[in-house]
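In what follows, a structure is listed as structure tokens, so that the remarks can point back to it.
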Amino acid sequence: MRLSQRVPINIARELLSTGLAVSAERAFQLGLINRLTERGEAVNGALDLASEMLANPHNAVAASLEVADATVRISPTHAESVAAKRLETLLAAAETTPQGQRFGLR
């Protein structure tokens, strides 16, 4: 990951030029980490996140992550195309699932 792609360039330059450590709170504020836990609770926090992810249909999670990854590597226009194709595939597959039927995807 390139720091200058994750935070404003002035922040990246400051962090890179000073070499100072970044606290978890500051990393969270900058969007470098998603969640904070109390000291010693990182494993429980990770398990909670995993449980939240597992509560969603696997193919939907995989597709969402695939599209998110694609948007980093390719142009926004191409990313929209990738997302649209993936969504089309997911909707077609969802028509036969109980979740899809619950949302009227028949």
Review point. Under 30 Å from residue 91 (Cβ atoms), open to solvent by 90 Å² or more (accessible area, probe 1.4 Å) and assigned to a helix (DSSP H, G or I) - does that describe any residue in segment 15-26?
Key: no
Practice item. Scan segment 54-74 for residues that are of a type in the set (A, V, I, L, M, F, W, C) and either open to solvent by 90 Å² or more (accessible area, probe 1.4 Å) or modelled with pLDDT of 90 or more (or both) and jot them down. Key: 54, 65, 72
Check your understanding: So which of 81, 51 ends up being in a helix (DSSP H, G or I), polar (S, T, N, Q), open to solvent by less than 100 Å² (accessible area, probe 1.4 Å) and within 26 Å of residue 2 (Cα to Cα)?
Key -> 81
Point to revise | Every residue from segment 27-48 that is of a type in the set (Val, Ile, Thr) and surrounded by 13 or more Cβ atoms within 10 Å (Cβ to Cβ) | key: 33, 37
**Study point:** Enumeration of residues in segment 1-14 that are surrounded by 10 or more Cβ atoms within 10 Å (Cβ to Cβ) and either in a loop (DSSP other than H, G, I, E, B) or of a type in the set (Val, Ile, Thr) (or both)
**Key:** 7, 8, 9, 11
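The values are calculated or read from the model by the stated rules, or taken from the named source; none is laboratory data. Note that the coordinates shown come from a computational prediction; the quantities given were computed from them, not determined experimentally. Neighbour counts run over all protein chains shown; Cβ positions are idealised from the backbone, glycine included. Just the protein is used for accessible areas: all its heavy atoms, side chains included, with ligands, DNA and RNA removed. Shrake-Rupley method; radii C 1.70, N 1.55, O 1.52, S 1.80 Å.
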